[in-house]
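K.L.:
To start, I am sharing the structure in question, which I have written as structure tokens.
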């Protein structure tokens, strides 16, 4: 992923409504995050498998950030 895409990804994560998302298991949360990313201009052109891998590898960090909201 490019630096621009990485920044946009984390902006997208920051902007989500996390009220119910932390309760989702990983298999449910990854598609939700993928859908949110696909709506972003810098992320919609990324290879889905690359974005899926990026999200999956960072789920513990994503959950930690989400728990702080």
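The values are calculated or read from the model by the stated rules, or taken from the named source; none is laboratory data. Predicted model, so just to flag it, every value in this text is computed and none were measured. A quick note on method: Cβ atoms are made from the backbone with ideal geometry, for glycine too, and the neighbour counts reach across all protein chains shown.
K.L.:
Of the residues that sit in the range 57-69 and are in a helix (DSSP H, G or I) and within 9 Å of the chain's Cα centre (by Cα), which one is surrounded by the fewest Cβ atoms within 10 Å (Cβ to Cβ)? It would help to see each step written out before you state the result.
P.N.:
Taking the range 57-69 as the starting set, the residues that turn out to be in a helix (DSSP H, G or I) are 57, 59-67.
Adding the requirement that they be within 9 Å of the chain's Cα centre (by Cα) leaves 59, 62.
Values: 59: 13, 62: 22.
Only one residue fits best here, namely 59.
K.L.:
Among residues belonging to the range 45-56 that are crowded, with 16+ Cβ neighbours inside 10 Å and under 16 Å from residue 10 (Cβ atoms), point out the one that is modelled with the lowest pLDDT.
P.N.:
Looking at the filtered set, the residue picked out is 46.
K.L.:
Next question. Determine whether residue 45 is without any contact (Cβ under 8 Å) to a residue 12 or more places away in the chain and assigned to a loop (DSSP other than H, G, I, E, B). Let's see the steps before the verdict.
P.N.:
Details: without any contact (Cβ under 8 Å) to a residue 12 or more places away in the chain: yes; assigned to a loop (DSSP other than H, G, I, E, B): yes.
In short, yes.
K.L.:
For the range 15-25, does any single residue satisfy the condition of being touching a residue at least 12 places away in the same chain (Cβ under 8 Å) and either more than 17 Å from residue 69 (Cα to Cα) or in contact with a strand residue (DSSP E or B) (Cβ under 7 Å, 6 or more places away or on another chain) (or both)?
P.N.:
No: the range 15-25 contains no residue that is touching a residue at least 12 places away in the same chain (Cβ under 8 Å) and either more than 17 Å from residue 69 (Cα to Cα) or in contact with a strand residue (DSSP E or B) (Cβ under 7 Å, 6 or more places away or on another chain) (or both).
K.L.:
While we're looking at this one, here's another question. State which residue is modelled with the highest pLDDT when the search covers only the range 8-25 and only residues that are outside any loop (DSSP other than H, G, I, E, B) and over 11 Å from the mean Cα position of the chain (by Cα). Reasoning before the result, please.
P.N.:
In the first step, residues of the range 8-25 are kept if they are outside any loop (DSSP other than H, G, I, E, B); the result is 8-15, 21-23.
In the following step, the residues that additionally are over 11 Å from the mean Cα position of the chain (by Cα) were identified as 21-23.
Details: 21: 74, 22: 70, 23: 79.
Per the stated criteria, the residue is 23.
K.L.:
Now a separate question. Does residue 36 satisfy the criteria of being in a helix (DSSP H, G or I), modelled with pLDDT under 90, surrounded by 14 or more Cβ atoms within 10 Å (Cβ to Cβ) and within 12 Å of the chain's Cα centre (by Cα)? If you could, list the steps in order and put the result at the bottom.
P.N.:
Numbers: in a helix (DSSP H, G or I): yes; modelled with pLDDT under 90: no; surrounded by 14 or more Cβ atoms within 10 Å (Cβ to Cβ): yes; within 12 Å of the chain's Cα centre (by Cα): yes.
Taking the combined requirement at face value, the residue does not satisfy it.
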